[in-house]
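The values are calculated or read from the model by the stated rules, or taken from the named source; none is laboratory data. Here the structure is a predicted model, which is why all the values come from computation and not from measurement. Note that each Cβ is placed from the backbone with ideal geometry, even for glycine, and that neighbours are counted across all protein chains shown.
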């Protein structure tokens, strides 16, 4: 009798789980059709475990390669959190402090010319309250270096450092250079040796060190032709620039601000490290204090900490932490609840764009589907 009851319970749970998967996948197919999604990788985490993972659509349309478990993406601005994590490791090693003068760290003068006596700190740069903008671009450090660019002052806004928030990619490309100057280790290798390898994750910032057959081609939507166009520059080789590399200055070629290449499941494991205050499966990447500091709100208006933002509009009644990314047609999202131990990773390599500034419809609706089917009690 007991064995019969156990069998019935197992069969019921199996059917319930199968039904959940079917319902979620029907909802995802509707979303994919509405937004003309090229490829979509999603992961749901509940109680510190991956409870659902699926790939929809194509890794490469031209080559007819379906998106699969080995596909990796250039995840865009979620990449900033890897730099922030590394900075916290260096703070723990007493090599840096958040209130350090950023000029001394990066090796050239970082001062807003409108407020020349106001020190711009490491914390300001990490939280996008530095008063620095991307107005001059951010693909190299010359744009803000007074010794290299007579128009360096254009990089600064007219408000005082530490008083307002403006999201700025140049901030994190400079932080990558600081990491090299403090460690004497090339940026991509530092991330690999101190975050990726300890966690057993495949990925990295150096395109030339990765298996190109795994790259998910990114597709920008061209509104004029109403077609998706491949963006090969997302995975362009950096071998020539690396051959002429200057430590602590050439760092933006790896794009610390947006250049991480990683798969959805491995990104979810990295997310769980943050969700568990710096530790995943017994591997400690940073201290609990450091992990929590990254999530502390610095800009109240934007809910931004240091490469982590707060979002209370993704799951009703829940404040999530994480980051989004968008570049070359890709949209990504990584959000988690540190107390309730659930989270989501959503990555698409192309879809119809929309006008939301922070998180796109494909990310928002995917998180809703994952929460309702796999997390919500």
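In the range 221-241, what residues are crowded, with 17+ Cβ neighbours inside 10 Å and closer than 21 Å to residue 331 by Cβ? Don't jump to the end; show me each part of the working.
The first filter runs over the range 221-241 and keeps only residues crowded, with 17+ Cβ neighbours inside 10 Å, leaving 221, 228, 230-231, 234-235, 238.
221, 228, 230, 231, 234, 235 - these are the residues of the range 221-241 that are crowded, with 17+ Cβ neighbours inside 10 Å and closer than 21 Å to residue 331 by Cβ.
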> Just to be sure, is residue 82 in contact with a helix residue (DSSP H, G or I) (Cβ under 6 Å, 6 or more places away or on another chain) and under 14 Å from residue 332 (Cβ atoms)?
Replying inline: yes
> In this structure, is residue 30 more than 30 Å from residue 169 (Cα to Cα), at pLDDT 95 or above and either touching a helix residue (DSSP H, G or I) at 6+ places or on another chain (Cβ under 9 Å) or surrounded by fewer than 23 Cβ atoms within 10 Å (Cβ to Cβ) (or both)?
Replying inline: yes
> For residue 97, are the conditions met, namely being surrounded by fewer than 19 Cβ atoms within 10 Å (Cβ to Cβ), touching a helix residue (DSSP H, G or I) at 6+ places or on another chain (Cβ under 8 Å), more than 30 Å from residue 349 (Cα to Cα) and modelled with pLDDT of 95 or more?
Replying inline: yes
>> Just to be sure I understand, how many residues within the range 333-362 are under 21 Å from residue 165 (Cβ atoms) and either in contact (Cβ under 8 Å) with a residue 24 or more places away in the chain or in contact with a helix residue (DSSP H, G or I) (Cβ under 8 Å, 6 or more places away or on another chain) (or both)?
In response: 7
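May I ask you to say which residue of 312, 321 is farther than 21 Å from residue 90 by Cα, in contact with a strand residue (DSSP E or B) (Cβ under 9 Å, 6 or more places away or on another chain) and surrounded by fewer than 17 Cβ atoms within 10 Å (Cβ to Cβ)? Steps first, answer last, please.
Numbers: 321 fails: surrounded by fewer than 17 Cβ atoms within 10 Å (Cβ to Cβ).
None of the other options fit; the residue is 312.
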> Which one of 184, 149, 145, 171 is under 23 Å from the mean Cα position of the chain (by Cα) and either surrounded by 16 or more Cβ atoms within 10 Å (Cβ to Cβ) or modelled with pLDDT of 95 or more (or both)?
Replying inline: 171
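Being assigned to a strand (DSSP E or B) and at pLDDT 95 or above, is that true of even one residue in the range 257-268? Spell out how you get there, then give the answer.
Step one: of the range 257-268, the residues assigned to a strand (DSSP E or B) are 261-262.
Going one step further and asking which of them are at pLDDT 95 or above, we end up with 261-262.
The answer is yes; a qualifying residue exists.
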> Taking helices (runs of 4 or more DSSP H) that do not extend beyond the range 34-127, which have at least 1 residues that are touching a strand residue (DSSP E or B) at 6+ places or on another chain (Cβ under 8 Å) and within 29 Å of residue 365 (Cβ to Cβ)?
Replying inline: 80-92
> Of these, 158, 217, 163, which one is surrounded by 20 or more Cβ atoms within 10 Å (Cβ to Cβ), in contact (Cβ under 8 Å) with a residue 12 or more places away in the chain and in a loop (DSSP other than H, G, I, E, B)?
Replying inline: 217
> Among the listed residues 260, 286, 272, which satisfies the condition of being more than 14 Å from the chain's Cα centre (by Cα), touching a residue at least 60 places away in the same chain (Cβ under 8 Å) and either under 21 Å from residue 325 (Cα atoms) or crowded, with 18+ Cβ neighbours inside 10 Å (or both)?
Replying inline: 286
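How many of the residues making up the range 176-195 are free of Cβ contacts under 8 Å to residues at least 40 places away in the same chain and either in a helix (DSSP H, G or I) or closer than 21 Å to residue 280 by Cα (or both)?
Our first condition is that a residue be free of Cβ contacts under 8 Å to residues at least 40 places away in the same chain; within the range 176-195, this holds for 185, 189, 192-193.
Among the residues that remain, those that are also either in a helix (DSSP H, G or I) or closer than 21 Å to residue 280 by Cα (or both) are: 189, 192-193.
Number of matching residues: 3.
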